[in-house]
Amino acid sequence: MSRTLFIADLHLCQQEPAITAGFLRFLQREATHCDALYILGDLFESWIGDDDPEPLHQQVAEALAALPVPVYFIHGNRDFLLGKQYAARSHMQLLPEQKLLELYGQRVLIMHGDTLCTDDEGYQRFRRKVHQPWLQRIFLMLPLSLRQKVAARLRNDSQQANQHKSMEIMDVNPQAVEQVMQDNQASLLIHGHTHRPEIHTLTVDHQPARRAVLGAWHQQGSMIEVNTDGVRLIAFPW
Ligand code: LP5
Ligand code: MN
């Protein structure tokens, strides 16, 4: 087959059954015919623990586990608490927040994308807090109903905060992009998070490079395909 697929920012939730249905179709049709599928975060609208009995999670786990190709997962800023238990149930391999791949002769760096938004200092402070292992352990010990309340509160605070942030602040910082690509000697960076699908060309270390940004699934599906010819950003109706 010789192609590898990337998706991110599906934001699956009970309230959007059409997106879930579209994702299940994508798994059955498109994703069955590839070397590997990489999910680059925010698969779910929010994640408060693998013990959440939400039927949607079970349905998605079964569909992923049934896929005859390897599936890899990098956490997003909404589902950073997705853990080993759920990964095992859905046959996904958890990856670190950045991963360098060698694909068809290209060095490809993948990540969710939130760490590149270094101008958004409020978010980066928030991220450092909620990524502390001790805080996560305590949070996961709370009763589910309380965790749901905390998550709803955080989502609300985040929405309020975003209203006062400019589009530039919420996009990636060009220096951060260049630095991480240079450090990894990568000619292609693939990420999501910003919901601004595009393939950008840039120069890193005097060499031509590209940054491919995945779209969110709110209105339609979005995927990136890497194959022996290069990289393609594809939008499709779900
Ligand atoms: O996702 P989106 O587009 O709404 O906004 C993001 C950034 N916001 C977030 C917050 C998430 O939406 C919250 C998800 C919670 C789900 C799981 C709960 C688990 C809790 C675990 C506790 C251990 O990621 C937003 C960015 C935007 O992307 C663009 O990049 O700007 O960032 C913010 O809005 C952050 C604000 O600037 C600050 C928010 C104030 C909250 C203060 C709480 C302090 C710490 C509490 C610790 C429990
Ligand atoms: Mn995100």
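The values are calculated or read from the model by the stated rules, or taken from the named source; none is laboratory data. Owing to the predicted nature of the structure, the values given are computational and were not obtained by experimental measurement. Every residue, glycine among them, receives a Cβ derived from its backbone with ideal geometry; neighbour counts consider all protein chains shown.
Descriptive notes on the structure:
- Residue tally, condition in a strand (DSSP E or B) and away from ligand 2 (no atom under 15 Å from the Cβ), over region 69-88: 2
- Boolean, Y86 is buried (at least 16 other Cβ atoms within 10 Å of the Cβ) and over 28 Å from I138 (Cβ atoms): no
- The residues on offer are Q185, Q136, Q148, and the sole one that is away from ligand 2 (no atom under 16 Å from the Cβ), among the polar types (S, T, N, Q) and more than 21 Å from H75 (Cβ to Cβ) is Q185.
- Any hit, region 231-238, residues being modelled with pLDDT under 95 and either basic (K, R) or closer than 21 Å to Y38 by Cβ (or both): yes
- Single residue of region 89-110 satisfying the filter (more than 19 Å from the chain's Cα centre (by Cα) and in a loop (DSSP other than H, G, I, E, B)) that is surrounded by the fewest Cβ atoms within 10 Å (Cβ to Cβ): G105
- Selected residue (only one of I48, I39 is buried (at least 18 other Cβ atoms within 10 Å of the Cβ) and over 16 Å from the mean Cα position of the chain (by Cα)): I48
- Residue in region 1-36 that is surrounded by the fewest Cβ atoms within 10 Å (Cβ to Cβ), counting only those that are aliphatic (A, V, I, L, M) and part of a loop (DSSP other than H, G, I, E, B): M1
- Of all the residues in region 38-66, those that are part of a loop (DSSP other than H, G, I, E, B) and either closer than 24 Å to V150 by Cβ or in contact with a Leu (Cβ under 6 Å, 6 or more places away or on another chain) (or both) number 13.
- A Cβ distance below 8 Å, combined with a sequence gap of six or more or placement on separate chains, defines the contacts here; from region 23-40, residues that are over 18 Å from T228 (Cβ atoms) and in contact (Cβ under 8 Å) with a residue 12 or more places away in the chain reach residues that are polar (S, T, N, Q) and part of a helix (DSSP H, G or I) in the pairs L24/Q59.
- Unique residue being closer than 25 Å to W238 by Cβ, surrounded by 11 or more Cβ atoms within 10 Å (Cβ to Cβ) and without any contact (Cβ under 8 Å) to a residue 60 or more places away in the chain when the list is R196, R127: R196
- For region 31-59, filtering for residues that are at positive phi and in contact with a His (Cβ under 9 Å, 6 or more places away or on another chain) leaves 2.
- Filter result for Q132 (closer than 20 Å to G49 by Cβ, in contact (Cβ under 8 Å) with a residue 40 or more places away in the chain and surrounded by fewer than 16 Cβ atoms within 10 Å (Cβ to Cβ)): no
- Residue among S158, S166, S222, S145 that is at pLDDT below 95 and not in a loop (DSSP other than H, G, I, E, B): S158
- Residue in region 166-177 that is more than 13 Å from ligand 1 (Cβ to nearest atom) and hydrophobic (A, V, I, L, M, F, W, C) present: yes
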